[in-house]
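K.L.:
I have a structure I would like to understand better, so I am pasting it below and will then ask my questions one at a time.
The values are calculated or read from the model by the stated rules, or taken from the named source; none is laboratory data. As the structure is a computational prediction, the values presented were derived from the model and not from experiment. Neighbour counts are summed over all protein chains in view; Cβ atoms, including those assigned to glycine, are modelled from backbone coordinates with ideal geometry. SASA here: full protein model, heavy atoms, side chains in, ligands and nucleic acids out. Shrake-Rupley method; radii C 1.70, N 1.55, O 1.52, S 1.80 Å.
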Amino acid sequence: EAGVAQSPRYKIIEKRQSVAFWCNPISGHATLYWYQQILGQGPKLLIQFQNNGVVDDSQLPKDRFSAERLKGVDSTLKIQPAKLEDSAVYLCASSLVPSVPHEQYFGPGTRLTVT
Amino acid sequence: GNSVTQMEGPVTLSEEAFLTINCTYTATGYPSLFWYVQYPGEGLQLLLKATKADDKGSNKGFEATYRKETTSFHLEKGSVQVSDSAVYFCALGNNRLAFGKGNQVVVIP
């Protein structure tokens, strides 16, 4: 079974530029999560999708971050414009059963550096 | 809200030594508790879980017991191997997961 795929693996941009990350969850997984992991900290949930609807985006900085999951499969997370403090690893995870949160499968992450 | 505190700093130990990583939590309600592991170059993986007080989660020789009286979920392994070198995260929640900062474990041959 293929795991969660993410691209790119690494991205370096200057502040005020825009960037987008892509995630392809495990086939059949209805729930998709985006996390932000700043160096030295644990992952923090940014947004959770159930199929193509948003379940929880309470910790998403909506003035600059946006995410979509068209057709309930792939997802894209965008930052526009980026700030220095957005430097982090962005993790995508998916799960089959949304009511069992620990059954999340994580992708390798995208490491973003904002200069 | 829910939060998790892990002991500070990396952990370096010799092969076959005993490993303990402390985790304490603050929570409302009755959340589940988890340990996740991140091996070098790989994504986070669930290591073990406990869903209620006094439950013991175990996997790959690792154990952790859900202690409600001390609000703790310490991770232990009796004899570590070099292959256990990784970053370990304690987490809790029922819907949204709250993660600790993680502890890097380095096992020296």
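K.L.:
Just how many pairs of Lys in the stretch A:1-112 have C-alpha atoms closer than 24 Å, counting pairs that are eight or more places apart or on different chains?
P.N.:
For the stretch A:1-112, qualifying lysine pairs total 14.
K.L.:
Once neighbouring chains are kept in place and the probe is 1.4 Å, which whole percent of the accessible area of chain B is contributed by carbon and sulfur?
P.N.:
Here carbon and sulfur together make up 47 percent of the probe-accessible area.
K.L.:
Give me the 1.4 Å probe accessible area per residue for the stretch B:30-109, excluding ligands and nucleic acids, in Å².
P.N.:
45
K.L.:
Mind running the shape call on the protein assembly as shown? Use the C-alpha gyration tensor, a ≥ b ≥ c as the square roots of the eigenvalues: rounded below 1.5 for a/c, prolate if a/b tops b/c, oblate otherwise.
P.N.:
Prolate.
K.L.:
In the neighborhood of B:S83, defined by Cβ-to-Cβ distances under 14 Å, what is the net charge if each Lys or Arg adds +1 and each Asp or Glu adds -1?
P.N.:
-2
K.L.:
Under a no-solvent Debye model with one identical scatterer per Cα of chain A, what's log10 I(q)/I(0) at q = 0.20, 0.21 Å⁻¹?
P.N.:
Ignoring solvent entirely, the Cα scatterers give -1.04, -1.14.
K.L.:
Carbon-plus-sulfur fraction of the accessible area of chain A, 1.4 Å probe, in percent?
P.N.:
Carbon with sulfur: 51 percent of the solvent-accessible area.
K.L.:
Shape call for chain B from the C-alpha gyration tensor, a ≥ b ≥ c root eigenvalues: rounded (a/c under 1.5), prolate (a/b greater than b/c) or oblate?
P.N.:
prolate
K.L.:
Moving on to the next point. Report the label-to-label distance for A:K62 and A:A5 in nanometres (one decimal), using points 7 Å from each Cα along the Cα→Cβ vector.
P.N.:
Here the answer is 3.2 nm between the modelled labels.
K.L.:
Return the distance in nm (one decimal) between the two label points of a simple spin-label model at B:N2 and B:Q45, each offset 7 Å from Cα along Cα→Cβ.
P.N.:
So the two model labels end up 2.3 nm from each other.
K.L.:
Note down the net charge around A:P108, summing +1 for each Lys or Arg and -1 for each Asp or Glu among other residues with Cβ under 13 Å from its Cβ.
P.N.:
+1
K.L.:
So what is the accessible area of chain A per residue, in Å², with the probe set to 1.4 Å?
P.N.:
Result: 49 Å² per residue.
K.L.:
Quick one: 3J(HN,Hα) in Hz for the stretch A:64-75, Karplus 6.51/-1.76/1.60 with θ = phi - 60°, rounded, Gly and Pro as x.
P.N.:
Once rounded to whole Hz, the list reads 9, 9, 9, 8, 9, 9, 5, 6, x, 10, 5, 9.
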